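Shown next, in structure tokens, is the structure this report addresses.
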Amino acid sequence: MFINTSVGISQFPSDALSAEQMLRNADSALFKAKSAGRDGYALYTEELTAHAQQRVEIAFELRRALDQQELRIHYQPVHDLKTGRLVGVEALVRWAHPQRGLVSPAAFIPIASVPG
């Protein structure tokens with residue numbers, strides 16, 4: 001059996017003054033540690049809160065985008081370079097945001113694929 005651990009660290013009093021905020025900050029740091037490949041640790045920084053807030057905003061806007069039918073599918077042909085033959089088609093999702101314009105799939109696909 002193998003056990004891996006990831007740890008998120010928040011320090012008192014520099015990161016938070018309440019136990020609730022300390023836990024939230026440590027959870028943000030834990031998410032960063034897991035995102036870096038697990039079996040490691042991360043210290044809380046204010047950038048983590050800003051990043052988490054941005055993810056929440058994108059998730060909220062993405063739900064609205066689904067209701068407003070702002071997601072577009074573009075089909076891209078795939079050719080065999082030796083023969084020039086069409087061998088398939090890729091479906092690419094694009095988000096036509098009313099204020100931001102086209103949103104990069106790299107900005108919303110990771111958020112859309114997170115359960116919950």
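The values are calculated or read from the model by the stated rules, or taken from the named source; none is laboratory data. Computed from a prediction, not measured in an experiment: that's the story for all the values here. Cβ coordinates were reconstructed from backbone atoms using ideal geometry, including for glycine residues, and neighbour counts include every protein chain displayed.
Candidates are the residues of the stretch 10-20 that are loosely packed, with under 15 Cβ neighbours inside 10 Å and either touching a Ser or Thr at 6+ places or on another chain (Cβ under 7 Å) or of a type outside the set (Phe, Trp, Tyr) (or both); the one that is nearest to Ile111 (Cα to Cα) is Glu20. Which residue pairs have Cβ atoms closer than 7 Å, lie 6 or more positions apart in sequence or on different chains, and pair a first residue in the stretch 87-116 that is free of Cβ contacts under 8 Å to residues at least 24 places away in the same chain with a second residue that is among the polar types (S, T, N, Q)? Partner pairs satisfying both residue conditions: Val89/Gln76; Glu90/Gln76; Leu92/Gln76.
Reported count of residues in the stretch 64-76, each being part of a helix (DSSP H, G or I) and either of a type in the set (S, T, N, Q) or under 15 Å from Pro105 (Cα atoms) (or both), is 2. Of Ser28, Ser113, Ser104, Ser35, all but one fail to be outside the structural domain of Phe2 (by TED's automatic domain parsing) and under 30 Å from Phe2 (Cβ atoms); the exception is Ser113. Name the single residue, out of those in the stretch 66-116 being aromatic (Phe, Trp, Tyr) and surrounded by 10 or more Cβ atoms within 10 Å (Cβ to Cβ), that is farthest from Phe31 (Cα to Cα). Checked the stretch 66-116; the qualifying residue farthest from Phe31 (Cα to Cα) is Trp95.
Being loosely packed, with under 12 Cβ neighbours inside 10 Å, under 30 Å from Arg24 (Cβ atoms), of a type in the set (Gly, Ala, Ser) and at pLDDT below 95 is a condition met by at least one residue of the stretch 38-52.
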